[in-house]
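Peer 1: For reference, the structure I am asking about is given below.
Every number here is computed from the coordinates shown, using simple stated rules; none is lab data. Source: prediction; values computed, not measured. FYI the Cβ positions are ideal-geometry reconstructions off the backbone, even for glycines, and counts take in every protein chain you see.
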Amino acid sequence: MKVGNQHFRSIWHDAASGAVFIIDQRWLPHRFETVEIDTLDEFATAIREMWVRGAPLIGVTAAWGMAKAVARDPSDTSINSAWEVLHATRPTAINLAWALNRMRDHLIPHPVEERSSLATRLAIEMADEDVEINRQIGENGLQLIREIAFAKPEGSAVNILTHCNAGWLAAVDWGTATSPIYHAHNAGLNVHVWVDETRPRNQGALTAWELGSHGVPHTYVVDSAGGHLMQNGEVDIVIVGTDRTTRCGDVCNKIGTYLKALAAQDNRVPFYVALPSPTIDWKVSEGVKEIPIEQRGGSEVRRQLGRNIDGEISEVAVPPDDSPVGNPAFDVTPARLVTGLITERGVVQPSEAALLEMYSDLA
Ligand code: MRU
């Protein structure tokens, strides 16, 4: 997507120099900064400390981290240790293990002297695949938004609520939950997005920045506003992303998603999840019991980052210093609360039978 007049992906490779660059998301929306990451340690830090974030982008970044490690040392030991280091960065998004397994399984059978170029080629392929998957999610989600638009009085906006940032910054391009929104906006449909702030990391500010850069009408709201908006008929559809979806359709996503799903059900608002196939964990059935939920450091809750009146980025303390804090980063929305999963192959019911039918080749 565009930043100013220039097209960016969230991660990219300079073919001439071999360098890999990312947008350092810690400073957005206040400062747009790109940075080269090169060593295994830098890739692990970038994922763990959320310079990059969002399930699909975490996966592709890990693939590049593995490729860079293999360029330095293509041995089995190096591949296995890169797998361990990168896998330990964040526990919830399954795209991380998916990408690392795919790289490792592809490289190990080949002679060491071929591995570096194969790893680079596969990392490029995985990034391009992610863009295409999300473009298709956009096409499929566009149909849902179109149906809602046709059922509304002419000229009135389709109001979409989203949580966290499942935008192009969280993937390689397009985003997952935002892709149907961008497609609808590009198709000339009148859409308006309610953007949840998404405490404590405020990923909603990233979503607002993205939507604003693309000219999509939106309103930034605090996390607790969604129920009220739904009760008052101000939300036509909820579309969120996911970090891991079980084979039975339970959806793990950013903390607070479950409460939005409960409010949506109570108010008969359709609740959709944009789901790229690499985010399905075929080994897991029951989300609440089986998905590891990342517990992040308390400093994210204690302190908020923002821009002060002098225009500088700085932190302020929020709760009393001596109050204990908790910071679960994700929650699970049971399949029964999900209206449908918007995948690259079409919209599917959140059930084991429907997912297996659609993905018989992958499951
Ligand atoms: O902690 P984050 O910012 O990595 O969490 C991101 C989310 O929860 C997104 O909604 C999810 O990864 C889907 S991204 C297309």
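Peer 1: Note the angle between two axes, namely the Cα long axis of helix 76-87 and the longest principal axis of the Cα atoms of the chain, as a number of degrees from 0 to 90, rounded to the nearest 10.
Peer 2: Helix 76-87 and the main axis of the chain meet at about 20 degrees.
Peer 1: Another one. Give me the distance between the Cα centres of segment 109-179 and segment 305-363, rounded to whole Å.
Peer 2: 16
Peer 1: Another question about this same structure. Given H placed 1.01 Å from N in the peptide plane, which residues other than close sequence neighbours of Cys248 have an amide H under 5 Å from its amide H?
Peer 2: none
Peer 1: Give the Kirkwood hydrodynamic radius (Å, one decimal) of segment 99-145, defined as one over the mean of 1/r across all pairs of different Cα atoms.
Peer 2: Details: mean 1/r = 0.0811 Å⁻¹.
By the Kirkwood definition, the hydrodynamic radius is 12.3 Å.
Peer 1: Something else about it: Rounded to whole Å and sorted largest first, what semi-axes of the equivalent ellipsoid does the C-alpha gyration tensor of segment 217-295 yield via the square root of 5 times each eigenvalue?
Peer 2: Details: eigenvalues 127, 31, 29 Å².
Three semi-axes, in Å: 25, 12, 12.
Peer 1: Using a Gaussian network model of the chain whose springs link C-alpha atoms within less than 10 Å, name the residue from Phe43, Phe271, Phe150 with the highest mean-square fluctuation.
Peer 2: Greatest mean-square fluctuation among the candidates belongs to Phe150.
Peer 1: Over the chain, what is the percentage of antiparallel beta bridges among all DSSP beta bridges, to the nearest 5? Don't skip to the answer; put the middle values down first.
Peer 2: On the way: 24 of 43 bridges.
Taking every DSSP beta bridge within the chain, about 55 percent pair in antiparallel fashion.
Peer 1: What does the convex hull of the Cα atoms come to per residue for segment 1-43, in Å³? Could the numbers behind the result be given before it?
Peer 2: Values: hull volume 3.3 nm³, N = 43.
So the per-residue hull volume is 76 Å³.
Peer 1: If the viscosity is 1.567 mPa s and the temperature 4 °C, what Stokes-Einstein diffusion coefficient in µm²/s follows for segment 135-206 when Rh is the Kirkwood radius over Cα pairs?
Peer 2: It diffuses with D of about 104 µm²/s by this estimate.
Peer 1: Using only C-alpha positions, report the orientation-averaged shadow area of the convex hull of segment 256-296, nm², one decimal.
Peer 2: With every direction weighted equally, the projected area is 4.1 nm².
Peer 1: Any idea what the relative contact order of the chain is, in percent, if you count C-alpha pairs under 8 Å spaced at least 6 apart?
Peer 2: On the way: 735 pairs, mean separation 57.0, N = 363.
Over the chain, the number comes to 16 percent.
Peer 1: How compact is segment 189-328 by the rule of thumb for globular proteins, expressed as Cα Rg over 2.2 N^0.38 Å? Please report the intermediate quantities before stating the final value.
Peer 2: Working: Rg = 17.0 Å, N = 140, 2.2 N^0.38 = 14.4 Å.
This ratio for segment 189-328 stands at 1.18.
Peer 1: Given Lys260/Lys283; Lys152/Lys260; Lys2/Lys254; Lys152/Lys289; Lys152/Lys283, which pairs have Cα atoms separated by over 30 Å? Walk me through the numbers on the way to the answer.
Peer 2: Details: Lys260/Lys283 26 Å; Lys152/Lys260 23 Å; Lys2/Lys254 25 Å; Lys152/Lys289 40 Å; Lys152/Lys283 41 Å.
Correct reply: Lys152/Lys289; Lys152/Lys283.
Peer 1: In Å and whole numbers, how far do the C-alpha atoms of segment 66-203 stretch along each principal axis, longest first?
Peer 2: The principal-axis extents, from largest down, are 63, 31, 17 Å.
Peer 1: I need the phi-derived Karplus couplings for segment 273-284: 6.51 cos²θ - 1.76 cosθ + 1.60, θ = phi - 60°, integer Hz, Gly and Pro marked x.
Peer 2: Whole-Hz 3J(HN,Hα) from phi for segment 273-284: 10, 7, 10, x, 4, x, 8, 8, 9, 5, 8, 10.
Peer 1: At Val318 and Ser213, where each label point lies 7 Å from the Cα along Cα→Cβ, what is the point-to-point distance in nanometres?
Peer 2: 2.4
Peer 1: Over its Cα atoms, what ratio of radius of gyration to 2.2 N^0.38 Å does the chain give?
Peer 2: Details: Rg = 20.0 Å, N = 363, 2.2 N^0.38 = 20.7 Å.
For the chain, the normalised Cα radius of gyration comes out at 0.97.
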